[in-house]
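Remarks on the structure that follows.
Values quoted throughout were computed directly from the atomic coordinates according to the rules given, and no laboratory measurement underlies them. Quantities reported herein were computed from a predicted structural model and do not represent experimental measurements. Positions of Cβ are backbone-derived with ideal geometry, glycine not excepted, and every protein chain shown enters the neighbour counts.
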Amino acid sequence: MAGIVIVAHEPLASSLLSCASHIFGELSGVQVYDAGADEDPDHMYRAVLERIQALSGEGGVLVLTDVVGATPSNQTHRAAREAARLGTPTTVLAGVNIPMLLRTLPYRHLSLEDLAQRALSGGAQGVLRVEGDSEDH
């Protein structure tokens, strides 16, 4: 079963896990890392790598991060490369949102690639324009 690590600007990662736990109950095999605004990038890298390694198993680790190109995402990508080098299959997806997370958690038994595709489609399909009342006020 794949592990999931959520890495985001503080306090988003913990908040996303809290929301998912509200829906699914207690979740095992999921870790979070809230990146502080003034945090040392090397510390962030080591902390994310630790979480990936803690969840390494035969299913690999899916890492969901918030903003591509930001420090948490950059250090996550760096940690994932190192984890893969050490033998833990790791996939990183940016743009984490609640629909992405909800479409991922119940399907951790899937292959890492299938899980990543499910996460991507859930994230994209969860972004919709919601039209209001068509009457003019």
Original post:
Residue by residue, what Karplus-based ³J(HN,Hα) values in Hz, rounded to whole numbers, does the stretch 34-40 have, using 6.51, -1.76 and 1.60 with θ = phi - 60° and x for Gly and Pro?
Top reply: 8, 7, x, 4, 10, 6, 5
Subject >> Other-chain or far-sequence residues with amide H under 5 Å of V63's (modelled H) >> reply: V5, T91, V92, L93
Subject >> Whole-number percent relative contact order across the chain, with pairs defined as alpha carbons under 8 Å at least 6 apart >> reply: 26
Subject >> Under 10 Å, Cβ to Cβ, from A8 - net charge with Lys/Arg +1 and Asp/Glu -1 >> reply: -3
Subject >> Residue order, fewest to most beta carbons within 10 Å, for Y107, Y45, Y33 >> reply: Y107, Y45, Y33
Original post:
Rounded to the nearest 500, what is the chain's calculated 222 nm mean residue ellipticity when only DSSP H runs of at least 4 contribute -39500 (n - 2.57) each, over all residues?
Top reply: -14000 deg cm²/dmol
**OP:** With r as the distance between the Cβ atoms of H22 and T71 and R0 = 30 Å, compute the FRET efficiency 1/(1 + (r/R0)^6) and round to 0.05.
**Re:** 0.60
Original post:
Between L86 and E131, what FRET efficiency follows from the Cβ-Cβ distance if R0 is 41 Å, with the result rounded to 0.05?
Top reply: 0.25
Original post:
So what are the ³J(HN,Hα) numbers for the stretch 75-92, from phi and the Karplus equation (6.51, -1.76, 1.60; θ = phi - 60°), rounded to whole Hz, Gly and Pro as x?
Top reply: 6, 5, 4, 4, 5, 5, 4, 5, 4, 5, 4, 7, x, 9, x, 9, 10, 10
Subject >> A37-S56 pseudo-label distance in nm [points 7 Å out on the Cα-to-Cβ vector] >> reply: 3.5
Subject >> Residue-wise HN-Hα coupling along the stretch 58-66, computed from phi with Karplus coefficients 6.51, -1.76, 1.60 (Hz; x: Gly, Pro) >> reply: 5, x, x, 9, 9, 10, 10, 10, 8
Subject >> Exposure proxy ranking, count of Cβ atoms within 10 Å, fewest first, for H9, H77 >> reply: H9, H77
Subject >> Mean-position separation - Cα centroids, the stretch 1-31 and the stretch 67-137, in angstrom >> reply: 12
Subject >> the stretch 79-137: GluC sites (Glu not before Pro) falling in loop per DSSP and having at most 13 other Cβ within 10 Å >> reply: E131, E135
